[in-house]
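Following: one structure in structure tokens, then a few remarks.
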Amino acid sequence: MKILIINGPNLNLLGKREPEVYGSTSFEEFFESLKKTFPEVELEYFQSNVEGELINKIHEGGFSYDAILLNAGGYTHTSVAISDAIAGVTTPTLEVHISNIYKREEFRHKSIISKSCVGMISGLGLKGYELGIRYFL
């Protein structure tokens, strides 16, 4: 099984940015632990702060991977283009959020990408990525 994990804007700051919300582990450190937990899964990780690069990566992986885990960050609430990219590919996409978006500012309560995803995991910290992989397995 091949799973592509895509993280959007500001997630390159995990471990540094708001550790009380996002924790103190970088995603690169966490990704190494995911690979050890799931040695039978071919995992790839991509992060960008640029909307178009995220769309390109969805297009690139959206026909060749078995699953995509997507944390679109702030684009979750604003990007019709990312939602359209998810809808345009055949690989199922699961939306992941580290924080509980429904306990945050009201503008974060609306996800534009959810309608194009198979489901959403929100508020379980980095564990949400692990649970997403287990869902697809």
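The values are calculated or read from the model by the stated rules, or taken from the named source; none is laboratory data. Since this is a predicted model, take the numbers as computed values, not measurements. When we count neighbours, we look across all protein chains shown, and the Cβ atoms used for this are built from the backbone with ideal geometry, even at glycine. In case anyone asks, the SASA skips ligands and DNA or RNA and just uses the protein heavy atoms, side chains included. Shrake-Rupley method; radii C 1.70, N 1.55, O 1.52, S 1.80 Å.
Please give the number of the condition Lys36 fails out of (1) open to solvent by less than 70 Å² (accessible area, probe 1.4 Å); (2) under 17 Å from Leu131 (Cα atoms).
Against the list (1) open to solvent by less than 70 Å² (accessible area, probe 1.4 Å); (2) under 17 Å from Leu131 (Cα atoms), Lys36 comes up short only on (1).
Would you check which residues across segment 36-81 are within 19 Å of Lys115 (Cα to Cα), aliphatic (A, V, I, L, M) and under 15 Å from the mean Cα position of the chain (by Cα) and list them?
Within segment 36-81, Leu54, Ile55, Ile58, Ala67, Ile68, Leu69, Leu70, Ala72 meet the criteria.
Tell me, which helices (runs of 4 or more DSSP H) lie completely within segment 25-127 with 1 or more residues that are at pLDDT below 95?
On the way: elements: 27-37, 51-61, 80-87.
In segment 25-127, 27-37 are the helices (runs of 4 or more DSSP H) which contain 1 or more residues that are at pLDDT below 95.
Please state which of the following conditions Glu44 fails to meet, knowing it meets all the rest: (1) under 19 Å from Ile101 (Cβ atoms); (2) open to solvent by 10 Å² or more (accessible area, probe 1.4 Å).
Evaluating Glu44 over (1) under 19 Å from Ile101 (Cβ atoms); (2) open to solvent by 10 Å² or more (accessible area, probe 1.4 Å) leaves (1) as the failure.
Residues to consider are Glu20, Glu29; find the one that is without any contact (Cβ under 8 Å) to a residue 40 or more places away in the chain, closer than 15 Å to Ser99 by Cα and open to solvent by 70 Å² or more (accessible area, probe 1.4 Å).
Every option except Glu20 fails the conditions.
Considering every residue within segment 81-101, establish whether at least one is free of Cβ contacts under 8 Å to residues at least 24 places away in the same chain and either surrounded by fewer than 17 Cβ atoms within 10 Å (Cβ to Cβ) or charged (D, E, K, R) (or both). Reasoning before the result, please.
As a first pass, look at segment 81-101 and keep what is free of Cβ contacts under 8 Å to residues at least 24 places away in the same chain: 100.
Narrowing the set further to residues that are either surrounded by fewer than 17 Cβ atoms within 10 Å (Cβ to Cβ) or charged (D, E, K, R) (or both) leaves 100.
So far as segment 81-101 goes, yes, one or more of its residues are free of Cβ contacts under 8 Å to residues at least 24 places away in the same chain and either surrounded by fewer than 17 Cβ atoms within 10 Å (Cβ to Cβ) or charged (D, E, K, R) (or both).
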